[in-house]
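Okay, so here's the structure we're looking at.
Read the figures in this text as sums done on the coordinates, not as results from a lab. Remember, predicted model here, so these are calculated numbers, not experimental data. Please note: Cβ atoms are built from the backbone with ideal geometry, for glycine as well, and neighbour counts cover all protein chains shown.
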Amino acid sequence: MVLAIVLIAAVITSVVKYLCDPSAKHLTYKRRSILQLKEKKTDFRVMVCVHTQDDVPNIIRLLQSCNPKKFNPLTVYILHLVELVGRASPLLISHPQHKIASSSNISNSERIINAFQQYEDRYHNLVTIRAFTTISPYASMHNDICTLSVDKRTALIIFPFCRQDAMSLRDDLARPNISNRAIKDLLQNLLQNSPCSVGILIDYNNYQAQSTSCFFLDMPYRVIVLFFGGPDDREALAIAMNMIHHPSVSVTLVRFYGHNNKSLSSDKVIDCYSESIGIERHKFLDDELVDHFRINAMHNEILMYKEVEAKDGAEIIWAVRSFHDDFDLMVVGRQQITNSNLITGVLDIVYDAECEDLGAIDRRHDNIS
């Protein structure tokens, strides 16, 4: 009887997991992107995942640089990620709007929400904040993120990612309680099942140095976009295109070419969001978006366009490192045209097992990918 119960339980568990996979419904949802959003000219909906209070300043700074306006407002869905401990079932908590806690005994979620609501108050009628907390195991937390993204029809999910070496530089007291392996697994599941674009925000700055700085973007904010080609790089450029009209934000677009001005891509066909698209079509879409930026740069002195020729991966890494200290934010697509010999060379140079889910270019630099 004991053996029969064990076998039945094992079979039923496997069957239930197969038939009731929560991530399956996300795969049938049409992938939303920032480029599609710009074509429809609707409000910009962003989901922000927050692990600890350390993530808040850079996220708010990034959101403000998107320059919300009356005809293009910003709706932000805050999701505080809390690991399930000592509870039988996961919880998804919706927090009331415009309720700022003032007690000294407020929870971590309330502190995080207070910071974002102060940001909302500064941009009255331009920014709307909706706050949630998910309490669930990291192994299934991506289902809550994806489900909420589908329900709210977001175009972008911002996911903070902190490497171990960056944590040691920041003397971070909150993150050591979070398993780095668990965060990596969560990110991998999110990338595989996300219904929209995912921005991985990596902060290498010293937290102690920036903790006293203002959340709001009153000082110049220098953004650089590294463009190699392909759908991910176009999405990265689309993020920067939302920033180009902000008076305090300067945007520089750097487009990389292979030797003798040849494109970095090959003649093969690649897969883009489950659609087989010819390489010539990708080149056309790349040129179209880049030309749109160049037209804007002609009439705006804080926008710059550069072209860099590289013959191998080492030259790409050297060029990227030369830009690193001159900008506050690097934006680059997670995956370029995978057939490119140059990108393959970069992968060989910067391979890091800790960041295997990040792109070739963004494993060694601060960016949203």
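Here are some notes:
- Here the spin labels are modelled as points 7 Å beyond Cα on the Cα-Cβ line, and at Lys152 and Val2 they lie 4.9 nm apart.
- When each of Lys69/Lys283; Lys184/Lys306; Lys69/Lys152; Lys70/Lys283 is checked by Cα-Cα distance, pairs over 25 Å: Lys69/Lys283; Lys184/Lys306; Lys70/Lys283
- Under Stokes-Einstein, with the Kirkwood radius over Cα pairs as Rh, the value for the stretch 105-165 at 20 °C and 1.002 mPa s is 154 µm²/s.
- Theoretical FRET efficiency, 1/(1+(r/R0)^6), r = Cβ-Cβ of Ala319 and Arg294, R0 22 Å, to 0.05: 0.65
- In plain terms, the chain from Arg222 to Tyr257 could stretch by 10.3 nm, reckoned as 0.36 nm per residue minus the Cα-Cα distance.
- Packing here is the average count of other Cβ atoms within 10 Å per residue, and on that basis the peptides 51-62, 298-309, highest first, run 51-62, 298-309.
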